[in-house]
Amino acid sequence: MICRHCGTEIAAKALICYRCGQATTDPKVKPPTEGSIFEKRRRSPLPWLGAAALAAAGALAWWLLGG
């Protein structure tokens, strides 16, 4: 097999060219196009705010009903 980048003769089952270091085939999985894969995604604060509002409403109702 011949490397498509530098033209060097390489083994038929080679994954990379020993001379130029380029891959002999295209990747099977495309890398992500945007942002770093190590960056944490920010979560929405809405579930926590909703839970806090529900707890406050429950405490207020309990207090108003004389509990």
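A short reminder: the numbers here are calculations on the coordinates, not readings from a lab. All figures in this text were calculated on a predicted structure; none of them were measured in a lab. Cβ sites come from the backbone with ideal geometry, for glycine too, and all protein chains shown count toward neighbours.
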Any residue on another chain or 5+ positions along whose placed amide H is under 5 Å from the amide H of Ile10 is listed here as Ile2, Cys3
Most exposed to least, judged by fewest other Cβ atoms within 10 Å, Arg4, Arg41 sort to Arg41, Arg4
Options (1) 8.3; (2) 3.6; (3) 6.2 are given for mean projected area of the Cα convex hull in nm², and the computed one is (1)
Spelling it out for Ile16: with amide H atoms placed in the peptide plane at 1.01 Å from N, the residues 5 or more places away or on another chain with amide H under 5 Å from its amide H are Thr24
A correct Karplus calculation of ³J(HN,Hα) over region 19-27, with 6.51 cos²θ - 1.76 cosθ + 1.60, θ = phi - 60°, whole Hz and x for Gly and Pro, returns 8, 9, x, 7, 5, 8, 10, 6, x
Karplus ³J(HN,Hα) for region 5-10 (6.51 cos²θ - 1.76 cosθ + 1.60, θ = phi - 60°; Hz, whole; x = Gly/Pro) runs 9, 10, x, 7, 6, 10
For region 33-44, in residue order, the Karplus 3J(HN,Hα) values (coefficients 6.51, -1.76, 1.60; θ = phi - 60°; whole Hz; Gly and Pro = x) are 8, 10, x, 7, 7, 9, 7, 6, 7, 7, 8, 6
Subtracting the Cα-Cα distance of Trp48 and Cys20 from 0.36 nm times their residue separation yields 4.7 nm
For the chain, longest principal axis from Cα atoms; helix 46-64 axis from its Cα atoms; angle between them, nearest 10 degrees, is 10 degrees
In nanometres, the difference between 0.36 nm per residue of separation and the alpha-carbon distance of Arg4 and Lys40 is 9.2 nm
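Remind me, relative contact order of the chain in percent, using alpha carbon pairs under 8 angstrom and six or more residues apart?
With pairs under 8 Å counted, the relative contact order is 15 percent.
How would Arg19, Arg42 line up from fewest to most surrounding beta-carbon atoms within 10 angstrom?
Arg42, Arg19
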